[in-house]
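No lab work stands behind these numbers, since they all come straight from the coordinates. Computed from a predicted model, the values in this text were never measured in an experiment. Cβ placement follows ideal geometry from the backbone for every residue including glycine, while neighbour counts extend to all protein chains displayed.
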Amino acid sequence: MTRSYLHLASAAAVLALTACSAPLPSSADLDKLTQDIVARSFRAQGQAGVDRLQPDEDNRLCSEADRTGAPVDAKLAQAIEARNMATIKGPSDGKYLGDWKEGEKIAQDGRGKTWTDPANMANGGNCYNCHQISREELSYGTLGPSLYQYGKIRGVTDPNSAAAKPIVEYTWGKINNARAYNACSSMPRFAHKGILTEAQIKHVMALLLDPTSPVNK
Amino acid sequence: MQTRRETLKHSAAVAGLLASTGLFPQYAQAFDKAAFDAKTVADAVKAMGGGAPAESKDVTITGPDIAENGAVVPLAVSTTLPNVKRVLLLVEKNPNALIAMFNVSPEVEANFATRAKMGQSSDVYAVAITNDGKALFAKKEVKVTLGGCGG
Amino acid sequence: MADPMRIRAQASGDKATVRVLMSHEMESGQRKDGTGKTIPAWHIQDVTASLNGKPVMTAEWGPAVSKNPFLQFTIKGAKAGDKVAITWKDNKGDTRTDEATVS
Amino acid sequence: MTHRQDVHGAKRWLLIALMGLASVAQAQKSSTDSIAEYRAMLQDGNPADLFEAKGEDLWKQKRGPKNASLEQCDLGKGPGVVKGAWVELPRYFADTGRVQDLESRLLTCMEQLQGFKADEIAKTPFGRGEQANVTALATWISAESKGMKFNLSQSHPQERVMYEVGKRLFFMRGGPHDFACATCHAQDDKRIRLQDLPNLTQQPGAGNGFGAWPAYRVSNGQMWSAQLRLNDCYRQQRFPYPLFGSEATIALGVYMGVNGKGGEATAPAIKR
């Protein structure tokens, strides 16, 4: 079960006897060891199966960049953005905005997809965990930029107008799959990873862009 | 200062002593269910033997402006009034307003602190009930925030 | 049986401040279990304090006092070496008494 | 107190009035101040004391199939040495041939000295049976190092390997939300909702964050061990369930503990 690790460790232990400072295994060996340790350190619980640990190439590249502090190579970043962009579909009925009141509820809701959540529940958007959104909610996070007056400061007075189209489409894309615009964005890929439904994303769109939403007051 | 071990050792003996003498029979009290079942501040005060509550600067409520978690909200009541029989802590918007009642005796100061659960942002009240049944209060707003990852 | 309390009693001048932590669920009676059934209230309802065996304070608590309750109060005329005892009783009839020496 | 609050409040309103539209930032700052005030109010009377007392008792009590106490347990500084042990954990133990954190080491001692089955305790849910006792023991043991400085060893090769593995795990994005530990804990001065997020990649965040657990959680009235803290991080990250005392959780402990070198041990703390 722990064979590869023990093997590696005992090799290191032997080295320790002969050198004051034993060299670490190579970075590639440490990557492999980490994967082995991950494989034997987790088990499925509730809806959180071990399939969630399957390496995703985008995540592998971004994780390495985060760890080493060296940004992903520009060409690779473009490739990540391109393949994530390809996952974005427009709204099935052509309408981008739903009901901002529903959007506010989704933005407040941080539940869903944990091993304690039922698999069939509507997931929350976790938005306030990282962003300021409405002015009334003081309990907001700062990991992402403030979205207060998101539509207003971008000059959106009529979300259905031609003038608003670029910002509406960009916002749609960003919520659906943020890595289409920023290869290693920390924002969850809400549509691509099946976190929010199309209808829920429309409600969040309305929260940000509807001129009657408290966000734009 | 007494050590933890001593506390443990003493407690068994004290418990035995109290069991044989009864639990302070002179202070025997029936739990005031009606007061703790009351929905409003006024009803709870009435059930505790107080009249219509009037605001008073001689009563102090201490609590946070914002509670990071409604499960634990530190609250304290104190008063400089003479002839106070009991003091109460209440949360207006809880399903049952009354949190705690403390009987004031000559041996203790009319100053008590505990922690309350709050379901939502609300005014919290400290009420002092005098020997002749007057109820005097102080209140303050405590905002309860939604914390953490929300999960 | 319930776990012991932690009682600290510290004299300052002619009085002693008593701080107590009690180990208790303090179930509110407002929560529901997995099947949607309300979990019945289970809480400390009577608290008494004595100084050297003489009762000095009584209190009544509802289910909205926080879990593992904290209580602070001040006894007049208490000095180092005096014994402070606290007793609680809950609505299921369970009770616990602990004692500490004023320091 | 009330008077002081009134003055404080009046000043705040005056400021807001003066600043007009710029008041959003000011109101925000004051809510952060208020939260700090709230936390300060809870410091005196941390229910973790109740668990600490229980843990000390459990350490000295003769228990288990072998009816023995844990007083000869070696937490890394020799049999029976408790003070200062926690600020050097996780560390390599020659007798088990692996790096162990406080809780996995306690399981080793409970098995060897008292005859409990370590794998059965590891499988027991947090807060139940012997698992609750492990948490109480960890609470007391950590409290015995309160105020001391973190000083994890990196002298054994396995300790260095575990640090590197822990670092990789810390930055590993995964699960449906693509979250890593680093998503929330690799920058200074960030918040999730109103909670400050310690930057666990360096001091002072690593010492402050890692050094606070076990902690009493006011939100659920539970005493949370370091293993449970990590377990719930992974739950919120939407990962599968990390096994109790698994290499992954221990490697993360090494990573955070080494990063926190020189930081002050504040456990058992009181947390939201």
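For chain C, calculate the relative contact order in percent as a whole number, restricting contacts to Cα pairs under 8 Å that are 6 or more residues apart.
Numbers: 254 pairs, mean separation 34.5, N = 103.
Value for chain C: 33 percent.
Toward the positive end of the charge dipole of chain D, about the Cα centre and with charges on Cβ (Lys, Arg +1; Asp, Glu -1), which of D:Thr108, D:Ser142, D:Gly80 goes farthest?
Positive-most Cα among the choices belongs to D:Ser142.
Place +1 on the Cβ of every Lys and Arg and -1 on the Cβ of every Asp and Glu in segment D:153-272, take the dipole about the Cα centre, and give the residue among D:Gly174, D:His156, D:Val258 whose Cα lies farthest towards its positive end.
Toward the positive end, the furthest listed residue is D:Gly174.
Please average, across the residues of D:213-222, the number of beta carbons from any other chain that are within 10 Å of each residue's own beta carbon, and give a whole number. Don't skip to the end; give the middle numbers.
Numbers: counts 0, 0, 0, 2, 4, 12, 7, 3, 9, 2.
Mean shielding count: 4.
Taking a label point 7 Å from the Cα of A:Thr68 along the Cα→Cβ vector, which residues of segment A:177-196 have an amide N closer than 16 Å to it?
Correct set: A:184.
Residues with amide H under 5 Å of C:Arg96's amide H, sequence separation 5 or more or different chain, H placed in the peptide plane at 1.01 Å from N; which?
It is C:Trp88, by chain and number.
Out of residues 5 or more away from C:Asp46 or on other chains, whose amide H comes under 5 Å of its own, with H placed 1.01 Å from N in the peptide plane?
Amide H neighbours of C:Asp46: C:Trp61, C:Lys89.
Under the Karplus relation 6.51 cos²θ - 1.76 cosθ + 1.60, θ = phi - 60°, what is the ordered set of whole-Hz ³J(HN,Hα) values for segment B:113-129, x standing for Gly and Pro?
Karplus-based 3J(HN,Hα) across segment B:113-129 equals 10, 8, 10, 10, 8, 10, x, 7, 4, 6, 6, 10, 10, 10, 10, 10, 10 Hz.
Roughly what angle does helix D:23-43 make with the longest principal axis of chain D, taking Cα atoms, 0 to 90 degrees, to the nearest 10?
Helix D:23-43 sits at roughly 40 degrees to that axis.
To the nearest 20 debye, what charge dipole does segment A:103-217 have about its Cα centre, counting +1 at the Cβ of each Lys and Arg and -1 at the Cβ of each Asp and Glu? Each step should come with its number before you reach the end.
Numbers: 13 positive and 9 negative charges, 53 e Å.
In debye, rounded to 20, segment A:103-217 gives about 260.
Can you list residues from other chains, or at least 5 along the same chain, whose modelled amide H is less than 5 Å from the amide H of B:Ile66?
So B:Ile66 has HN proximity to B:Lys143.
Set the bar at 23 Å for Cα to Cα. Now go through A:Lys113/A:Lys174; C:Lys15/C:Lys83; D:Lys117/D:Lys146; B:Lys143/C:Lys67; A:Lys95/A:Lys193 and name every pair that lies beyond it. Show your work: numbers first, answer last.
Details: A:Lys113/A:Lys174 21 Å; C:Lys15/C:Lys83 13 Å; D:Lys117/D:Lys146 30 Å; B:Lys143/C:Lys67 20 Å; A:Lys95/A:Lys193 21 Å.
Pairs exceeding 23 Å: D:Lys117/D:Lys146.
Using a cut-off of under 15 Å, list every residue of segment D:63-105 whose amide N is near the label point 7 Å from the Cα of D:Thr124 along the Cα-to-beta-carbon line.
D:63-68, D:70, D:103-105
Using just the helices of the protein assembly as shown, give the 222 nm mean residue ellipticity in deg cm²/dmol: DSSP H runs with n ≥ 4 each add -39,500 (n - 2.57), and the total is spread over all residues, rounded to 500.
Values: 23 runs with 261 residues, N = 743.
Helices in the protein assembly as shown give a 222 nm mean residue ellipticity of -10500 deg cm²/dmol.
Rg(Cα) of chain D divided by 2.2 N^0.38 Å?
On the way: Rg = 20.6 Å, N = 272, 2.2 N^0.38 = 18.5 Å.
That ratio works out to 1.11.
Does a label point 7 Å from the Cα of B:Glu109, set along Cα-to-beta-carbon, have any residues of segment B:54-86 with amide nitrogen under 18 Å, and which are they?
The answer is B:58-63, B:75-86, whose backbone nitrogens lie closer than 18 Å to the label point.
I need the phi-derived Karplus couplings for segment D:251-265: 6.51 cos²θ - 1.76 cosθ + 1.60, θ = phi - 60°, integer Hz, Gly and Pro marked x.
4, 5, x, 4, 4, 5, x, 5, 4, x, 3, x, x, 8, 6
Place +1 on the Cβ of every Lys and Arg and -1 on the Cβ of every Asp and Glu in segment A:74-217, take the dipole about the Cα centre, and give the residue among A:Asn123, A:Ser186, A:Met205 whose Cα lies farthest towards its positive end.
With unit charges placed on the Cβ atoms, the residue in question is A:Ser186.
Quick one: what are the phi-derived ³J(HN,Hα) couplings along segment D:91-98, Karplus 6.51/-1.76/1.60 with θ = phi - 60°, whole Hz, x for glycine and proline?
Going residue by residue, I get 8, 7, 10, 5, 5, 9, x, 8 Hz, with x marking Gly and Pro.
Give me the net charge of A:Ala199's neighbourhood, meaning all other residues with Cβ under 13 Å from the Cβ of A:Ala199; Lys, Arg count +1, Asp, Glu -1. Numbers along the way, then the final one.
Working: positive: A:Lys95, A:Lys105, A:Lys202; negative: A:Asp93, A:Asp99, A:Glu102, A:Glu198.
Taking every other residue near A:Ala199 into account, the sum is -1.
Note down the nm distance, to one decimal, between modelled labels 7 Å out along Cα→Cβ at C:Thr35 and at B:Gln120.
Taking the two extended label points, one gets 3.0 nm.
Note the per residue figure in Å³ for the convex hull of the C-alpha positions in the protein assembly as shown.
Numbers: hull volume 133.8 nm³, N = 743.
With only Cα atoms used, the protein assembly as shown gives 180 Å³ per residue.
Where nothing but the Cβ of Lys and Arg (+1) and of Asp and Glu (-1) is charged, how large is the charge dipole of segment C:6-101 around its Cα centre, in debye to the nearest 20? Mind showing how you got there, number by number?
Numbers: 15 positive and 11 negative charges, 41 e Å.
Charge dipole of segment C:6-101: 200 debye, to the nearest 20.
Report the charge-dipole magnitude of chain A in Debye, nearest 20, computed about the Cα centre from +1 at each Lys and Arg Cβ and -1 at each Asp and Glu Cβ. If you can, show how the numbers build up before the last one.
Numbers: 25 positive and 23 negative charges, 12 e Å.
Computed charge dipole of chain A: roughly 60 debye.
Measuring from label point to label point, each 7 Å out along Cα→Cβ, what is the A:Tyr181 to A:Gln35 span in nm?
Modelled inter-label distance: 3.3 nm.
What nm distance separates the two modelled labels at A:Arg60 and C:Ser12, each placed 7 Å from Cα along Cα→Cβ?
6.2 nm
How about D:Lys62: which aspartates and glutamates have a C-alpha closer than 20 Å to its C-alpha, ignoring those fewer than 8 places off in the same chain?
Once the sequence-local aspartates and glutamates are set aside, what remains near D:Lys62 is B:Glu6, C:Asp3, D:Glu52, D:Glu71, D:Asp74, D:Glu103, D:Glu111, D:Glu120, D:Glu130.
Rounded to the nearest 0.05, what FRET efficiency do D:Gln43 and A:Ala122 give with R0 = 60 Å and r taken as the Cβ-Cβ distance? Could you check?
After rounding to 0.05, the efficiency reads 0.95.
Can you give the FRET efficiency to the nearest 0.05 for A:Lys165 and A:Arg83, using r as the Cβ-Cβ distance and R₀ = 22 Å? Please report the intermediate quantities before stating the final value.
Working: r = 25 Å, r/R0 = 1.12.
Computed FRET efficiency for A:Lys165 and A:Arg83: 0.35.
Hey, what did segment D:48-143 get for relative contact order, percent, Cα under 8 Å, at least 6 apart? Can you show the working numbers first?
Working: 135 pairs, mean separation 34.5, N = 96.
Relative CO of segment D:48-143 lands at 36 percent.
For chain C, count all C-alpha to C-alpha pairs, find those more than 16 Å apart, and express that count as a whole percent of the total. Before the final figure, lay out the partial values.
Values: 2999 of 5253 pairs.
Value for chain C: 57 percent of Cα pairs lie more than 16 Å apart.
Output the relative contact order of segment B:31-144, whole-number percent, from Cα pairs under 8 angstrom with separation of 6+ residues. Present the calculation step by step, with values, prior to reporting the outcome.
Working: 297 pairs, mean separation 38.1, N = 114.
Result for segment B:31-144 is 33 percent.
What net charge is computed for the residues neighbouring A:Trp115, neighbours being all others with C-beta under 11 Å from the C-beta of A:Trp115, Lys and Arg scored +1, Asp and Glu -1? Don't jump to the answer; show the numbers that get you there.
Working: positive: A:Arg43, A:Arg52, A:Lys113, D:Arg235, D:Arg238; negative: A:Asp117, D:Asp232.
Net charge around A:Trp115: +3.
Net charge near C:Lys89: determine it from the other residues with C-beta under 15 Å of the C-beta of C:Lys89, scoring Lys and Arg +1 and Asp and Glu -1. Intermediate values should be presented prior to the final figure.
Details: positive: B:Lys33, C:Lys92, C:Arg96; negative: B:Asp32, C:Glu25, C:Asp46, C:Glu60, C:Asp90, C:Asp94, C:Asp98.
So the environment of C:Lys89 carries a net charge of -4.
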